[in-house]
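The values are calculated or read from the model by the stated rules, or taken from the named source; none is laboratory data. Predicted model only: the values in this text are computed from it and were never measured. For neighbour counting, all protein chains shown are included, and Cβ atoms are generated from backbone atoms with ideal geometry for every residue, glycine included.
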Protein chains: 2
Amino acid sequence: MRSSSKLRCVAALALLALLPAAHADDKDVIDYRQHIMNTLNEQAAALGQILSASVPDDNVIAHLDAIALTASTALKAFMSKVPGGEAKPDVWANWADFSKRMNDFARMTAEMAKTAHEHGKDAGLANVVDALSCKSCHDTYRKEKPKQ
Amino acid sequence: MRSSSKLRCVAALALLALLPAAHADDKDVIDYRQHIMNTLNEQAAALGQILSASVPDDNVIAHLDAIALTASTALKAFMSKVPGGEAKPDVWANWADFSKRMNDFARMTAEMAKTAHEHGKDAGLANVVDALSCKSCHDTYRKEKPKQ
């Protein structure tokens, strides 16, 4: 690791200690929640490849864990009312519905991961269709991706 | 959830049961490992935003867990010798070095997550520079992203 990188990271850590309640600009808020949602997309896509038997299923439980873990952070990433990116303003206009769906998503993916740990991956995957209700929520709350 | 989606998923699950040792085509192998590495990129970027204090640090431990979990799956995603995507052929030509680096990455990120759980997020982050040695490995083993 080059010392300049190390210095930058040490400086960032020092900044973190100084600013426990960081003020997030709008772009930061949007970028951050996109990192969360992109993580979910990537992990769901990996799981989809396994479900369609196009790759081996060794990592199923790790994918279920990663999805559950990331789902548990997702609602928090939308707490700041900052429309933009792919989030429709309806996210905040219908916050009670949106947050209920996100909490259901976190709860059901956590149950799916727990089942996989306790009873094996096939048992965990048995509820994948209900737990990963991505499409229904995206149809309501996500805009078309802006053209690059 | 529409019944057609449900049917597709049930069919996929049935296929999974029938084909426990799926044969992955080259494109599938490359897509899969990219989902893993993209997950790491997204989670590291989210953590970077927290380190630079541009967003609040509520989710630090979840990010460290997600990185450790995904790191634990990464080497397996490169086991099939399929050059392509952003992976240089050196990954397989220098497999002993590559796999050592990936195993170190998995071990160090797991330790970082464990420290955060036991001693708090700041303690976990103290080793972030050494644990996230992404750049040094990418400089050696990753090609420039192909132009879209």
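Side notes on the structure shown:
- Any hit, segment B:75-88, residues being closer than 19 Å to B:Leu125 by Cα and at pLDDT 95 or above: no
- Looking at segment A:24-113, the helices (runs of 4 or more DSSP H) lying wholly inside it that each contain 1 or more residues that are β-branched (Val, Ile, Thr) and in contact with a Pro (Cβ under 8 Å, 6 or more places away or on another chain) sit at A:26-51, A:90-93.
- Conditions (1) closer than 19 Å to B:Ala126 by Cβ; (2) more than 7 Å from chain A (Cβ to nearest Cβ); (3) under 12 Å from the mean Cα position of the chain (by Cα); number of the one not met by B:Gln43: (2)
- Across segment B:114-137, the qualifying residues are those that are part of a helix (DSSP H, G or I) and of a type in the set (S, T, N, Q), and the one among them that is farthest from B:Ala45 (Cα to Cα) is B:Thr115.
- Subset of segment B:51-77 that is in contact with a Leu (Cβ under 9 Å, 6 or more places away or on another chain), at the interface with chain A (Cβ under 7 Å from one of its Cβ atoms) and among the hydrophobic types (A, V, I, L, M, F, W, C) - its residue that is surrounded by the fewest Cβ atoms within 10 Å (Cβ to Cβ): B:Ala62
Per-residue answers, yes or no, for (1) modelled with pLDDT of 95 or more; (2) in contact with a Cys (Cβ under 8 Å, 6 or more places away or on another chain); (3) exposed (fewer than 14 other Cβ atoms within 10 Å of the Cβ); (4) at positive phi:
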{"position": "B:Thr109", "(1), (2), (3), (4)": "yes, no, no, no"}
{"position": "B:Met112", "(1), (2), (3), (4)": "yes, no, no, no"}
{"position": "B:Leu125", "(1), (2), (3), (4)": "no, no, no, no"}
{"position": "B:Cys134", "(1), (2), (3), (4)": "no, no, no, no"}
{"position": "B:Lys143", "(1), (2), (3), (4)": "no, no, no, no"}
{"position": "B:Pro146", "(1), (2), (3), (4)": "no, no, yes, no"}
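- For segment A:97-147, filtering for residues that are of a type in the set (D, E, K, R) and within 11 Å of chain B (Cβ to nearest Cβ) leaves 5.
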